[in-house]
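Chemist: Encoded as structure tokens, here's the structure I'll be asking about.
The values are calculated or read from the model by the stated rules, or taken from the named source; none is laboratory data. Because the structure is a prediction, the values reported are computed rather than measured. Here the Cβ is made from the backbone with ideal geometry for all residues, glycine too, and neighbour counts use every protein chain on show. These accessible areas exclude ligands, DNA and RNA; they are computed on the full protein's heavy atoms, side chains included. Shrake-Rupley method; radii C 1.70, N 1.55, O 1.52, S 1.80 Å.
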Amino acid sequence: MAATAAALLLLFQLTLERRRAYPHYITILSEHHAERLTLWQTREIIFLGDSHIQFLDTAKIRVDALNLGIGGLTTQVLLEHLPTYEIAPSQLVVIGTGINDLAHFGRGQTQTNLRALTAYMNSRGSTWSLLEIMPVNEVLTKIKNDDIRALNALLADLCIAPCTLIRSHGAVATIDGNLHPDYDRGDGLHLNQAGYQALIDQIKSQFAEQPMR
């Protein structure tokens, strides 16, 4: 399948830099995705994105959801490969991305990438959902929450029908917009189990109002 080949190529590109630090990372994740991609055409909901998606237990949202999240994914790389994915009009795609663009390219390029992503996905005419970029602990990362807030404001403008914006930021943020310490895995960026439960609850709540298929 073209979708299988494209996804594995994407995975390979994203994980090359991790091979030194994690020798078995690419092998294990490649085998995992190759197995899961055989289910692509049978699933109505596909989750794509970075590590926030990768470690999300999508079965708690919908038991038959397919999670193809890849740690380290950028919007730019995802966008390059999306046209080769065999996404049927009946399949709901849920995307969570942007934080890695911000870390590597800065706000300006991230805005450009997110504009391109939303334009492409909206042009398909099929229902899809986009997660807000989630907050960080600025003490532990070089990413700034002011940049995240600005990008989420942009997403609110860009994510128009057929796009649904998932309000994931507020689900795990403190009142001043930082990653809530109760939801921080310890690196100021990734969610712990409680953080993921808060995110899952938010996604399920919004899809209860606007039902998935």
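Chemist: In terms of modelled amide H atoms, which long-range or inter-chain residues lie less than 5 Å from the amide H of Leu73?
Modeler: Ser51
Chemist: Moving to a separate point now. Take the alpha-carbon positions of the range 31-117, form their convex hull, and give its projected area averaged over all directions (one quarter of the hull surface) in nm².
Modeler: So the mean shadow area of the Cα hull is 5.8 nm².
Chemist: Ignoring ligands, DNA and RNA, how do Glu44, Glu80, Glu209, Glu132 rank by accessible area with a 1.4 Å probe, largest first?
Modeler: Highest to lowest solvent-accessible surface, that is Glu209, Glu80, Glu44, Glu132.
Chemist: Which whole-number percent of Cα pairs in the range 99-190 have a distance greater than 18 Å?
Modeler: More than 18 Å apart: 45 percent of the Cα pairs in the range 99-190.
Chemist: Name the residues whose placed amide hydrogens come within less than 5 Å of the amide hydrogen of Thr164, ignoring near sequence neighbours (fewer than 5 apart) on the same chain.
Modeler: Placed amide hydrogens put Trp128, Ser129, Leu130 under 5 Å from Thr164.
Chemist: Where a ≥ b ≥ c are the square roots of the eigenvalues of the C-alpha gyration tensor, would you call the range 138-213 rounded, which needs a/c under 1.5, or, failing that, prolate if a/b is larger than b/c, or oblate?
Modeler: Cα axes put the range 138-213 in the oblate bin.
Chemist: Can you tally the net charge around Thr174? Count Lys and Arg as +1, Asp and Glu as -1, for every other residue whose Cβ sits under 11 Å from the Cβ of Thr174.
Modeler: -3
Chemist: Just read off the accessible area of Arg43 with the full protein assembly in place, 1.4 Å probe, to the nearest 10 Å².
Modeler: Estimated to the nearest 10 Å², Arg43 gives 50 Å².
Chemist: Find the centroid of the Cα atoms in the range 34-91 and in the range 142-213, then give the distance between the two in whole Å.
Modeler: If you average the Cα positions of each part, the centres end up 18 Å apart.
Chemist: So how much accessible area does His180 have, in Å² to the nearest 10, using a 1.4 Å probe?
Modeler: It works out to around 50 Å².
Chemist: What is the distance, in nm, between label points placed 7 Å from the Cα along the Cα-to-Cβ direction at Asp201 and at Lys60?
Modeler: 1.0 nm
Chemist: Here's another thing I want to ask about it. If you roll a 1.4 Å probe over the heavy atoms of the protein chains, what accessible area per residue do you get for the range 123-213, in Å²?
Modeler: 47 Å²
Chemist: Given all pairs of different Cα atoms, what value in angstroms does the Kirkwood hydrodynamic radius of the range 120-172 take?
Modeler: 12.0 Å
Chemist: So, one more: Once the other residues with Cβ under 14 Å from the Cβ of Phe55 are scored (Lys, Arg +1; Asp, Glu -1), what is the net sum?
Modeler: Result for the local shell: -2.
Chemist: Follow-up question, since we're still on this one. Show the residues, 5+ positions off or on another chain, whose built amide H is closer than 5 Å to the amide H of Leu191.
Modeler: Arg185
Chemist: In nanometres, what is the gap between the two model label sites at Asp176 and Asp157, each 7 Å from Cα along Cα-to-Cβ?
Modeler: 2.8 nm
Chemist: May I ask for the equivalent-ellipsoid semi-axes of the range 164-206, computed as the square root of five times each C-alpha gyration tensor eigenvalue and listed largest first in whole Å?
Modeler: 17, 12, 8
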